[in-house]
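Quick notes on the structure that follows.
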Amino acid sequence: MPTDLPTDEWLRLADAVARLARDWLDDLDRRPIAPRTRGAEAIAALGGEAPEVGLGHAVVDRLREVLPRARAQNGRFLGYVLGSGEPAGAVADLLASVLNQNVTAWRSSPAAVTVERTVVSWLAAALGCGGFGGSLTGGGSAANLMGLAMAREGRAPAREAGRPEGVVYASEEVHMSIPKAVALLGIGTRNLRRIAVDGAQRMRVDALERALAEDVAAGRRPIAVVATAGTVATGAIDPLDAIADVAARYGAWLHVDGAYGALAALAAPDRLAGLRRADSLSVDAHKWLYQAVDCGCLLFRDAAAARRAFSDSGEYVKTGSDDAVEGFAFFDESVELSRRFRALRLWTSIQFHGLGAFRAAIARDLAHARALAARVAAEPRLELLAAGDLSAVCFRHRWPADADARNAALLRAVNARGRVYLSNAVVGGVFALRACFVNHRTTDADVEEVVQEVLAAGEGVG
Ligand SMILES: Cc1ncc(COP(=O)(O)O)c(C=O)c1O
């Protein structure tokens, strides 16, 4: 049986772990960006049998072993779409775990439910979607699944006998979580129309309209149009207003996948003005609000639509109250029942720094992306492939032959050097190196180092 710790002993343990975290943060900039470990080495260091007799405070030495095998997200970590991990919010995680609130319903956890509903309203307001409801999720993939579950239940309810085949529409550049959700919801990937994109990787509205018209003429029923506010490869923002008009004309639900880009509205609201047209909207605070994983969110316009999809009875009866505040239950509006107190991290982080600091950091990310694109465009050995609407920059080294294979080798070489971490994308059919700025630690000097590192690594590949 685990035993409860005397609180002074608990504090000693927490203090030792906080010091470990401080060491990590102090050394972040010097650490190799990709940990120098291999599978067998990591298992030898961190694996093994569970001890029969506890290590007590020596467990801190075991925790110390985790650090050199972890990826260091310093200012030059620019891979994927991964927020940099804001440490003030991380402290709140400790308290959230100690409080151990189960964020099911107000009745179970008044403080946690109130805090989560508060941060959801802050996110909605930041996106120009005041009045939307929602809940925090494990990430954008879970939010996309829940948004499409609401669409399916709204437009082609499972209980409707003999309903026609339902169809979902999304661009060729849509994130892989959408086909996954379509498959999981039983809509069937054959009923996912991948709509062509234009030269800027944005969904072509004329092609969308044509696909909708063909399906309706053939007796199929449009369920949802998924617009993306920040495609994962290049950060393209689909034309949200025009797509919303078409979706409305055909009676389709509009889900916006804003996991990557929606929060850029904090710094560049004009680019994302159409977000408020969404019926449901995914947004990831663990991407462009710099929060530690996990902190996704699904926002929706109509709570009744959420209850149709997720509530057993569609009523508040299970909570024993029909008061709008005290009768509220996340389990009526979400796929989850037991839920951790994720919101405390974001609530703490936003209050510690203030929204203005987040706006400034996002504006800096946008400026860093522009600076890298300009630097790449001016460098004859490099070719700029895409610098989309947000903060993803795709480029490659010019080589007269085997450019795809050589750029793939270049990416491995850049990351192995340990200073800069990039990921990859396919743009216009060619392999691209990709830098994505959702990192509050990036400096102007880090941007310059990306180019230096790529050119230096390129000499070894060419
Ligand atoms: C556009 C887009 N949608 C959805 C996701 C999935 O988000 P998550 O990793 O939080 O599940 C991502 C992740 O990069 C994304 O870029």
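The values are calculated or read from the model by the stated rules, or taken from the named source; none is laboratory data. Being a predicted model, the structure only gives us computed values, none of them experimental. Cβ atoms come from the backbone with ideal geometry, glycine included; neighbour counts cover every protein chain shown.
A few comments on the model shown:
- Out of GLU172, GLU160, sole residue that is without any contact (Cβ under 8 Å) to a residue 40 or more places away in the chain and more than 22 Å from the chain's Cα centre (by Cα): GLU160
- Members of the range 361-397 that are in contact (Cβ under 8 Å) with a residue 60 or more places away in the chain and assigned to a helix (DSSP H, G or I): ALA361, ILE362, ALA363, ARG364, ASP365, LEU366, HIS368, ALA369, ALA371, LEU372, ARG375, VAL376
- Just one of (1) free of Cβ contacts under 8 Å to residues at least 12 places away in the same chain; (2) of a type outside the set (Lys, Arg); (3) farther than 20 Å from THR442 by Cα fails for VAL60. It is (1).
- When ALA367, ALA357, ALA374, ALA408 are checked against the criterion of being in contact with a His (Cβ under 9 Å, 6 or more places away or on another chain) and surrounded by fewer than 18 Cβ atoms within 10 Å (Cβ to Cβ), ALA357 stands alone in meeting it.
- Sole exception among (1) within 16 Å of the ligand (Cβ to nearest atom); (2) more than 30 Å from ARG163 (Cβ to Cβ); (3) aliphatic (A, V, I, L, M) for ALA268, by number: (1)
- Which numbered condition THR118 fails, given (1) in contact (Cβ under 8 Å) with a residue 24 or more places away in the chain; (2) surrounded by 15 or more Cβ atoms within 10 Å (Cβ to Cβ); (3) more than 16 Å from the ligand (Cβ to nearest atom): (2)
- Within the range 398-416, residues that are free of Cβ contacts under 8 Å to residues at least 40 places away in the same chain and in a loop (DSSP other than H, G, I, E, B) have Cβ atoms under 8 Å from residues that are aliphatic (A, V, I, L, M) and surrounded by 14 or more Cβ atoms within 10 Å (Cβ to Cβ) in these pairs: ARG398/LEU382, counting only partners at least 6 apart in sequence or on another chain.
- The one condition in (1) within 19 Å of VAL293 (Cβ to Cβ); (2) of a type in the set (A, V, I, L, M, F, W, C); (3) within 16 Å of the ligand (Cβ to nearest atom) that LEU148 fails to fulfil: (1)
- Sole exception among (1) within 15 Å of the ligand (Cβ to nearest atom); (2) in contact with a helix residue (DSSP H, G or I) (Cβ under 6 Å, 6 or more places away or on another chain) for GLY258, by number: (2)
- Residue match in the range 279-293 (condition: more than 16 Å from the ligand (Cβ to nearest atom) and either modelled with pLDDT of 95 or more or of a type in the set (D, E, K, R) (or both)): yes
- Residue match in the range 299-315 (condition: under 26 Å from VAL393 (Cα atoms) and either within 16 Å of the ligand (Cβ to nearest atom) or in contact (Cβ under 8 Å) with a residue 24 or more places away in the chain (or both)): no
- The range 132-145, residues that are within 10 Å of the ligand (Cβ to nearest atom), surrounded by 24 or more Cβ atoms within 10 Å (Cβ to Cβ) and not in a helix (DSSP H, G or I): THR137
- Residue satisfying condition, being surrounded by 14 or more Cβ atoms within 10 Å (Cβ to Cβ) and either aliphatic (A, V, I, L, M) or away from the ligand (no atom under 16 Å from the Cβ) (or both), within set LEU67, LEU46: LEU67
- Residue in the range 7-27 that is surrounded by fewer than 11 Cβ atoms within 10 Å (Cβ to Cβ) and polar (S, T, N, Q) present: yes
- Selected residue (criterion: farthest from ASP27 (Cα to Cα)) from residues of the range 417-440 that are in contact (Cβ under 8 Å) with a residue 60 or more places away in the chain and surrounded by fewer than 18 Cβ atoms within 10 Å (Cβ to Cβ): VAL426
- Residues in the range 238-290 that are within 12 Å of the chain's Cα centre (by Cα) and of a type in the set (Asp, Glu): ASP257, ASP284.
- Complete set of residues in the range 70-90 that are surrounded by 12 or more Cβ atoms within 10 Å (Cβ to Cβ), farther than 11 Å from ASN439 by Cβ and small (Gly, Ala, Ser): ALA72, ALA88, GLY89, ALA90
- Cβ-Cβ under 9 Å pairs, at least 6 apart or on other chains, the range 232-252 side among the β-branched types (Val, Ile, Thr), far side buried (at least 24 other Cβ atoms within 10 Å of the Cβ) and assigned to a helix (DSSP H, G or I): ILE237/ALA264; ILE237/LEU272; ILE243/LEU208; VAL246/LEU208
- Residue, surrounded by the most Cβ atoms within 10 Å (Cβ to Cβ), within the range 261-270, restricted to residues that are touching a helix residue (DSSP H, G or I) at 6+ places or on another chain (Cβ under 7 Å) and in a helix (DSSP H, G or I): ALA262
- Qualifying residue in the range 117-127 (condition: of a type in the set (Lys, Arg) and in a helix (DSSP H, G or I)): yes
- Single residue of the range 206-255 satisfying the filter (part of a helix (DSSP H, G or I) and within 16 Å of the ligand (Cβ to nearest atom)) that is farthest from ALA387 (Cα to Cα): ILE243
- Among all residues of the range 154-168, there is none that is farther than 26 Å from ARG204 by Cβ, more than 16 Å from the ligand (Cβ to nearest atom), modelled with pLDDT of 95 or more and assigned to a strand (DSSP E or B).
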